[in-house]
Structure formats: C-alpha cells, structure tokens
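Asks: Shown below is the structure under consideration.
Laboratory data are not the source of any read-out in this text; all were calculated from the coordinates shown. This one's a predicted model, so the numbers in the text were calculated from it and none came from an experiment. Cβ placement follows ideal geometry from the backbone for every residue including glycine, while neighbour counts extend to all protein chains displayed.
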Amino acid sequence: MASDHMAVSSNFLRVAWMPRRCGRSAAEAPATKADDSALQWLLLLIPVTAFGLGTWQVQRRKWKLRLIAELESRVMAEPIPLPADPVELKNLEYRPVTVRGHFDHSKELHMMPRTMVDPAREAREAGRISSSTESGAFVVTPFHCTDLGVTILVNRGFVPRNKVEGEVDLTGVVRLTETRKPFVPENNPERNHWHYRDLEAMARTTGADPIFIDADFKSTVPGGPIGGQTRVTLRNEHMQYIITWYGLCAATSYMWLKKFLRWTPGM
C-alpha cells in the first residue's frame, strides 16, 4: 500500500509539473521569435552600411581623380607673369609664374630639416628599406621684382652655397601658406629655423610681401641651391577603401542570408 501510494504521488507530481513547463515555453516562444527578428534586422545594417560606404568611396575616388587631373594640368601649364594682386594667387597654387628682379641675400631664411626632391633617385630606390637621402635645408631668399615693385619670397632650393648677384629672370610655382601639422616643431625666427611656410611671419622677418614661389630646376646654379624642390602629390587610396567596404558587404550579406534565410550559392 505504501509503495502504491508513493507511485501515485510521484505520477501526480510529474503530471502536475509538465503543464507548467509547457505553459512557460509557450509564453517564451513569441518573445524569442521577436528577439530573433530584431537581431535579424539589426545585423542586416552591417552589409547595408558597408555598401553605402563603398558607394561613397566610389564618388570620392571620382572627385580625387578630377582633382589630380586639374593639378597636373596646372603644373604643366605655360608660365604666366606673376599677378600684381596677391588675392589672385589663392587660385594659382602650383601654377608656374615668371618674375624679374634681384635677390636680397642679407635676409635669407632656412627651412629645415628637408630632403632633396630627386625623382630619378627616388625611382631607383623605390621599395628599398634604406635610402641615400641626404638631410639639409631649403634656402628662402627675398626677391625684389623690378617690374611689379614688390618683394616676394623665393625658395631657391636645397642646400645653399652660392649667391646669385644682379638682376635675373626666374620661373617658379606659386605656393600658399601652411598651417603647422601635428608633431612639426614651431618656427624659430630668432635662430632662423623654419619648419613650415608661415608666409605672414616670413614676410615680417624679411620685410617682403607674403608671396612665395618655388624656383624651378632651371634656376639651379653650379655649387648652389638645387631648384625644382616642389613635391606635388595627392593621396588617392579610395580604391583600397572601395574594395574593403564592398568586400565586407559581400561577406556579411552571405552570412546573413545563410543564417536567416538558409540560403547557399547555387540553390
């Protein structure tokens, strides 16, 4: 009797327990389904966002290519006389110009440290870990333009040794002022150490106008500064970003389809 009573009690407890468990699972099912649906649409944002960023980089690359083409066209254009109005120079950076006048070597400035721009050497040493690049300075000399009646600043080139006397005709490219980049030291006019082009400060120091040109390679004198020290470069890494974002879009789209739609290629 005791054993029969215990068996009945055990069965009763088991039967009584089962409905409550089933009832709890039935109540949790809609919540779980809702959570899965929210997660499904949340994860879909990853490929959608990656596709949008990839498309944005395509547009950025088109803009950068137009900018590079415009810059190359400006650099290769025929030299024009330096405009008398400094306001016009804002739209002429890297445009070749011609001036006539003489240098004032008593107020030369030194921009340092600098390395010589030598495309032939750079092409030979491309990919090498070490380089034979020599560190030096650019010499910036006030130049009085006899035809305009103004004094401008001319970057004569790398490593000054000789001085140019008398009136000369000079061709160079227009350069605008620079802002100091992170980790670049401050200019030190007292020691004549200039690390970036601050045209207003340079003009005050030399008494020149805030007009600056880089002399071309033809201005090089034997044993003197090596002209043509203008490095014209624009970063164009948009293709790498395009591949990255579209690749991420494709990978995450495949993962999403396989998980939530049970889709595999070829089915």
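Asks: Looking at this model, which pairs from LYS64/LYS90; LYS90/LYS218; LYS64/LYS107; LYS107/LYS181 are more than 28 angstrom apart at the alpha-carbon?
Replies: Table pairs above 28 Å Cα-Cα are LYS64/LYS107.
Asks: No solvent, one uniform scatterer per C-alpha: report log10 I(q)/I(0) for the range 31-109 via the Debye equation at q = 0.14, 0.17, 0.26 1/Å, two decimals.
Replies: Evaluating at q = 0.14, 0.17, 0.26 Å⁻¹ gives log10 I(q)/I(0) of -0.74, -0.88, -1.15.
Asks: Can you list the residues, at least 5 places off or on another chain, whose amide H is less than 5 Å from the amide H of VAL97, using H built in the peptide plane?
Replies: ILE80, GLY172, VAL173, VAL174
Asks: For the range 175-237, what size does the Cα cloud have along each of its three principal axes, sorted from largest down, in whole Å?
Replies: 39, 30, 21
Asks: Something else: Through the Karplus equation 6.51 cos²θ - 1.76 cosθ + 1.60, θ set to phi - 60°, convert the phi angles of the range 195-208 into ³J(HN,Hα) values in whole Hz; use x for Gly and Pro.
Replies: Couplings: 9, 8, 7, 10, 5, 5, 5, 5, 5, 5, 5, 9, x, 8 Hz.
Asks: Give a residue-ordered list of calculated ³J(HN,Hα) values for the range 233-239 (Karplus: 6.51 cos²θ - 1.76 cosθ + 1.60, θ = phi - 60°; whole Hz; x for Gly, Pro).
Replies: The phi angles translate into 9, 9, 5, 9, 10, 5, 5 Hz.
Asks: If packing is taken as the average count of other Cβ atoms within 10 Å, what order do 252-261, 192-201 fall into, highest mean first?
Replies: 192-201, 252-261
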